[in-house]
Amino acid sequence: MTQRIVIVGAGTGGSVLANRLADRLAPDIDAGDVEVTLVNESEMHVYKPIWLYVAFGKRDPEDGVRPVVDLVDPRVSLRFSRVEAIDAEEKRLALNGGDTLAYDYLVLATGARIVPDEVPGLQEAGHDFYSEEGAIALRDALADFTEGHLVLSVVGTPHMCPAAPLEFVFMADDWLRERGIRDQVDITYTYPIQRVHGKPTIAEWAAPRMDARDIRAETFFNVETVDAEAGVLKSLEGEELAYDLLVTIPPHDGVPMIREAGLGDDGWVAVDRTTLEATHADDVFALGDAADVPAPKAGSAAHYQASVVADRLTSLVHGQVPTATYDGKVVCFLEAGMDEATFVSFDYTHEPQLRPESRPVHWAKLAYNESYWLTARGLL
């Protein structure tokens with residue numbers, strides 16, 4: 001009997017996983033013993049980190065888009081459809097249009113979505129670089145912004161790419177200096193806990209650099225409402241912060257069907273943090289932003305998790321005991337301005353270690369942005 005592996009979501013994690021499985025299970029797929037199906041609502045794969053550069057006019061949105069069919073091994077069956085519901089008992093997915101899709105093993109790589117409407121006034125007032133539309137609108141707003149108060153507010157956590165808020169204010173500082181108007185713009189950064197980043201070592205790295213660049217930090221600032229007409233953020237702590245241009249990291253959420261299927265109460269799939277197996281369903285895995293693990297919602301985490309899930313699934317379909325585990329490994333570049341960056345690596349047991357920022361590391365990040373498509377194809 002053919003064993004059916006279904007992956008939902010063709011982002012970084014889903015694409016890497018599909019290609020890893022196509023490689024590891026090639027003889028089984030060719031023999032008809034295994035089927036790997038990748039389901040995605042869109043026919044396009046989006047590399048979201050490009051949007052930060054779009055906001056500063058350094059990249060175009062289309063630079064971060066490729067057809068899924070060009071990135072995935074032909075041994076993988078592609079279904080472009082929206083998954084409406086998961087029946088984990090019957091091992092069946094309901095697709096839009098009334099179709100269904102059965103599975104023996106299911107991997108959820110459904111990512112995260114932004115939900116700015118959860119905070120009153122945020123949708124109307126704030127710009128963001130967590131969507132293509134948001135990045136384009138922010139690019140246009142920044143181009144017209146020559147004086148006043150620029151506020152970057154981290155409204156919701158967890159969120160995609162935890163380093164991005166810091167990157168934005170450091171890049172904005174340099175960008176405004178290059179335009180000769182930094183002395184006409186005040187920059188404030190808000191964060192919901194009592195330091196400027198969730199990881200203490202990253203906060204310790206960033207805070208003095210913010211002070212040196214005259215970037216004001218407001219910590220333990222949890223946005224409750226936004227008054228778009230008055231240009232004021234109001235916090236749960238009773239503080240108010242006026243702005244002329246507001247950039248936010250909106251609240252994030254998983255997809256509704258995860259809650260509806262009983263796989264996770266908070267929108268993320270509850271999984272074992274090392275095996276990535278769902279705790280509320282058999283033969284279900286989750287990875288990347290969809291998985292509720294104590295690791296950042298970052299592309300590199302999804303990449304490493306995809307390799308672990310590929311190894312575990314390969315063992316399972318071959319009747320072997322899976323042994324591969326995810327140790328929480330994450331690596332990422334962090335822009336320290338427009339032409340310097342640092343590099344961070346950590347896992348479940350080791351705190352982030354930051355390299356000194358430099359131009360070569362910045363160039364390395366730009367080079368990775370270009371070579372990302374090899375990662376999506378499972379070649380890196």
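Here Leu78 meets each of (1) open to solvent by 10 Å² or more (accessible area, probe 1.4 Å); (2) in contact with a Phe, Trp or Tyr (Cβ under 6 Å, 6 or more places away or on another chain) with one exception, condition (2). Pairing each residue of the range 2-17 that is closer than 12 Å to Val76 by Cβ and of a type in the set (S, T, N, Q) with any residue that is open to solvent by less than 10 Å² (accessible area, probe 1.4 Å) and in a helix (DSSP H, G or I), provided the two are 6+ apart or on different chains, yields C-beta distances under 7 Å for Ser15/Ala376.
Within the range 147-162, the set of residues being under 12 Å from the mean Cα position of the chain (by Cα) and assigned to a strand (DSSP E or B) comprises Met160 only. For the range 336-354, filtering for residues that are under 15 Å from Glu167 (Cβ atoms) and free of Cβ contacts under 8 Å to residues at least 60 places away in the same chain leaves 3. Residue-level analysis places Lys365 outside the set of residues that are in contact (Cβ under 8 Å) with a residue 24 or more places away in the chain and open to solvent by 30 Å² or more (accessible area, probe 1.4 Å). Going through the range 98-118 one residue at a time, which ones are open to solvent by less than 40 Å² (accessible area, probe 1.4 Å), modelled with pLDDT under 95 and β-branched (Val, Ile, Thr)? Once the filter is applied, which keeps residues that are open to solvent by less than 40 Å² (accessible area, probe 1.4 Å), modelled with pLDDT under 95 and β-branched (Val, Ile, Thr), the range 98-118 yields only Val115.
The residue that is nearest to Thr12 (Cα to Cα), among those in the range 125-184 that are β-branched (Val, Ile, Thr) and open to solvent by 10 Å² or more (accessible area, probe 1.4 Å), is Thr157. One residue alone among Ala290, Ala295, Ala341 is aliphatic (A, V, I, L, M), in contact with a Phe, Trp or Tyr (Cβ under 8 Å, 6 or more places away or on another chain) and not assigned by the TED database to the domain that holds Tyr47, and that residue is Ala341.
Does Leu374 satisfy being outside the structural domain of Gly262 (by the TED database) and within 18 Å of Arg24 (Cα to Cα)? Yes, satisfied. Only one entry of Val255, Val284, Val309 meets the criterion of being among the β-branched types (Val, Ile, Thr), modelled with pLDDT under 95 and within 14 Å of Val8 (Cβ to Cβ), and that entry is Val255. There is at least one residue in the range 195-203 that is within 21 Å of Arg355 (Cβ to Cβ), among the small types (Gly, Ala, Ser) and modelled with pLDDT of 95 or more.
Within the range 93-112, being part of a loop (DSSP other than H, G, I, E, B) and without any contact (Cβ under 8 Å) to a residue 24 or more places away in the chain holds for one residue alone: Asp99.
For Ala217, indicate whether it is in contact with a helix residue (DSSP H, G or I) (Cβ under 7 Å, 6 or more places away or on another chain), in the same structural domain as Val185 (by the TED database) and touching a residue at least 12 places away in the same chain (Cβ under 8 Å). It is true that Ala217 is in contact with a helix residue (DSSP H, G or I) (Cβ under 7 Å, 6 or more places away or on another chain), in the same structural domain as Val185 (by the TED database) and touching a residue at least 12 places away in the same chain (Cβ under 8 Å).
Taken over the range 205-225, the residue count meeting the criterion of being open to solvent by less than 10 Å² (accessible area, probe 1.4 Å) and part of a loop (DSSP other than H, G, I, E, B) is 1.
The values are calculated or read from the model by the stated rules, or taken from the named source; none is laboratory data. This structure is a prediction, so every number in the text was calculated from the model and none was measured. Backbone-built Cβ (ideal geometry, glycine too); neighbour counts: all protein chains shown. Please note that ligands, DNA and RNA were not included when accessible areas were found on the heavy atoms of the full protein model with its side chains. Shrake-Rupley method; radii C 1.70, N 1.55, O 1.52, S 1.80 Å.
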